[in-house]
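Shown next, in structure tokens, is the structure this report addresses.
A short reminder: the numbers here are calculations on the coordinates, not readings from a lab. A quick note: this is a predicted structure, and the numbers were derived from the prediction, not measured. A quick note on method: Cβ atoms are made from the backbone with ideal geometry, for glycine too, and the neighbour counts reach across all protein chains shown.
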Amino acid sequence: MSTRQLARSRTNRIFAGVSGGIANYTGLDSGLVRLVTFLLVAFTGVGLVAYIAAWILLPVEGSNTSGIDTIITSLRNGTETNTNPNPNDLR
């Protein structure tokens, strides 16, 4: 018995793979999912918020890390590599 997981698509993507992942998960045509997504984004603010939330929260298929994990890792790495030797220097 295989378990399905909602994830962003690696192959069926135009922008972030959210619509392709939803299409893969539900078995719907990806064009239909993209059309509904576009209509929700174009005519309601909810569509854009939902798309961005899915982009951040859903992992890419075949991976256990979500977008927020990648963002947090890059922020941690960026703050650890402080090239300014003087913390009081505001350059």
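Miscellaneous remarks
- Note on ASP69/TYR25: beta-carbon distance plugged into 1/(1 + (r/R0)^6) with R0 of 25 Å gives a FRET efficiency of 0.80.
- Judged by the mean number of other Cβ atoms found within 10 Å, the most tightly packed of the peptides 16-23, 70-77, 3-10 leads the ranking 16-23, 3-10, 70-77.
- Distance in nm between pseudo-label sites at THR3 and ARG76 (7 Å out along the Cβ direction from Cα): 2.4
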